[in-house]
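The values are calculated or read from the model by the stated rules, or taken from the named source; none is laboratory data. Remember, predicted model here, so these are calculated numbers, not experimental data. So basically every Cβ, Gly included, is an ideal-geometry build from the backbone, and we count neighbours across all protein chains shown. With ligands, DNA and RNA removed, areas are computed over all heavy atoms of the protein, side chains included. Shrake-Rupley method; radii C 1.70, N 1.55, O 1.52, S 1.80 Å.
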Amino acid sequence: MQLSSSVYGCEITMGYRTSERQPYIQAAPNNEGLYQALYSAAAQRIGCKLSIVRQPKHRILRQIMLGTVDFYPGLGFNTERDTFAQFIPNGLTERYTGISHRFQPQISSLDELVGSEAILLISPGGYEVTGIPDGVLLRKPADMDVEQALDLLSARKGDFFTYDEATLRYILDHGRHSDLTLHPQCCEAEHDMYMGFSRKSQHFAQQANPNYDAKRPVSPMNSQFAPHKDSIAYAMSMALTAMKLSGETEQLRAKYFDN
């Protein structure tokens, strides 16, 4: 097991796709946004500096598998990703809701799309709502980002899309896609957002999670492993927790979302 010798004088690399997710991050090469502010502050707390790499998402995830990129700032959990990334709460929350053209009747569950002609847009390798019901018509444009998905909805080349509610509200509140509407009763409850930290990173080492319950499904809250207390990944997680408890994370969030 390789441990980091010190949490001081290090550089931590965050990877993100080239497209924007306002107000979390602007399109490459500009990295301005909540992610940069949040993780720069957390890195500074442990004597490190943050660097940011922008490439297509599949390349970034590949580099996280290899350990050449340390973490992805907001990564949706699935069991495949759990094999190469440790999911660590970043102090933010998210909730995926639905969005469609205004003519689409309001729904509270994706089950209501079964048997209809409505097409659900999904980005391959991106977030997918857990347990998409059989019988829902799907369209998976290559490497689609949120803005491209909303453009497809407006052009009637798809009927429904699920994404982070706060991001969608931010886009609609800024006067874009006025022909679209949210489905606030769909599609999941609010939950913690997680950074995905590479298990192959030089800044990561793991230990057995004493709270792991083998009788329950593996999840971010029930992982077989935890960051080793001597690793920079652990120090980063403690910094993010401290920022949340102090209110600093919420202050940063308000700054970017309110503006």
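In the set (1) open to solvent by 40 Å² or more (accessible area, probe 1.4 Å); (2) of a type in the set (Val, Ile, Thr); (3) in a loop (DSSP other than H, G, I, E, B); (4) within 28 Å of Glu147 (Cα to Cα), Thr68 fails one condition alone, (4).
Taking the criterion of being farther than 23 Å from Arg81 by Cβ, in contact with a Ser or Thr (Cβ under 8 Å, 6 or more places away or on another chain) and touching a residue at least 24 places away in the same chain (Cβ under 8 Å), would at least one residue in segment 14-22 satisfy it? Checked against the condition, which is being farther than 23 Å from Arg81 by Cβ, in contact with a Ser or Thr (Cβ under 8 Å, 6 or more places away or on another chain) and touching a residue at least 24 places away in the same chain (Cβ under 8 Å), segment 14-22 yields at least one hit. The sole residue among Gln106, Gln86, Gln148 that is open to solvent by 70 Å² or more (accessible area, probe 1.4 Å) and closer than 28 Å to Arg253 by Cα is Gln148. All conditions but one from (1) open to solvent by less than 30 Å² (accessible area, probe 1.4 Å); (2) closer than 20 Å to Ser100 by Cα apply to Asp179; the one that does not is (1). State whether the residues of segment 219-229 include one that is over 22 Å from the mean Cα position of the chain (by Cα), under 25 Å from Lys244 (Cα atoms) and either assigned to a strand (DSSP E or B) or in contact (Cβ under 8 Å) with a residue 24 or more places away in the chain (or both). Among the residues of segment 219-229, at least one is over 22 Å from the mean Cα position of the chain (by Cα), under 25 Å from Lys244 (Cα atoms) and either assigned to a strand (DSSP E or B) or in contact (Cβ under 8 Å) with a residue 24 or more places away in the chain (or both), which makes the answer yes. Taking segment 132-165 as the range and being touching a Pro at 6+ places or on another chain (Cβ under 9 Å) and aliphatic (A, V, I, L, M) as the test, the residues that pass are Ala142, Met144, Ala149, Leu152. If you scan segment 152-162, which residues turn out to be free of Cβ contacts under 8 Å to residues at least 40 places away in the same chain and exposed (fewer than 15 other Cβ atoms within 10 Å of the Cβ)? Within segment 152-162, Ala155, Lys157 qualify. Selection within segment 26-66: residues that are without any contact (Cβ under 8 Å) to a residue 40 or more places away in the chain and polar (S, T, N, Q). The member of this set that is farthest from Ser123 (Cα to Cα) is Gln44.
The rows are residues; the columns are (1) more than 23 Å from Thr167 (Cβ to Cβ); (2) in contact with a strand residue (DSSP E or B) (Cβ under 7 Å, 6 or more places away or on another chain).
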site	(1), (2)
Arg199	yes, yes
Lys215	yes, no
Val218	yes, no
Met221	yes, no
Lys229	yes, no
Ala235	yes, no
Leu240	no, yes
Ser246	yes, no
Glu250	no, no
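Can you tell me how many residues within segment 186-216 are surrounded by 13 or more Cβ atoms within 10 Å (Cβ to Cβ) and either over 30 Å from Ser108 (Cα atoms) or free of Cβ contacts under 8 Å to residues at least 40 places away in the same chain (or both)? Adding up the residues that qualify gives 13.
Summed over segment 38-55, the residues that are outside any strand (DSSP E or B) and surrounded by fewer than 20 Cβ atoms within 10 Å (Cβ to Cβ) give a count of 7. Within segment 163-185, can one find any residue that is touching a residue at least 12 places away in the same chain (Cβ under 8 Å), assigned to a loop (DSSP other than H, G, I, E, B), out of contact with any Asp or Glu (no Cβ under 9 Å at 6 or more places or on another chain) and under 17 Å from Arg95 (Cα atoms)? Among the residues of segment 163-185, not one is touching a residue at least 12 places away in the same chain (Cβ under 8 Å), assigned to a loop (DSSP other than H, G, I, E, B), out of contact with any Asp or Glu (no Cβ under 9 Å at 6 or more places or on another chain) and under 17 Å from Arg95 (Cα atoms), which makes the answer no. Just one of (1) part of a loop (DSSP other than H, G, I, E, B); (2) under 22 Å from His191 (Cβ atoms); (3) over 18 Å from the mean Cα position of the chain (by Cα) fails for Leu120. It is (1).
Here Thr93 fulfils each of the conditions (1) β-branched (Val, Ile, Thr); (2) within 30 Å of Ser198 (Cβ to Cβ); (3) open to solvent by less than 50 Å² (accessible area, probe 1.4 Å); (4) assigned to a strand (DSSP E or B) apart from (3).
When Asp143, Asp134 are screened for being in a loop (DSSP other than H, G, I, E, B), under 28 Å from Pro220 (Cβ atoms), within 23 Å of the chain's Cα centre (by Cα) and not β-branched (Val, Ile, Thr), only Asp143 passes.
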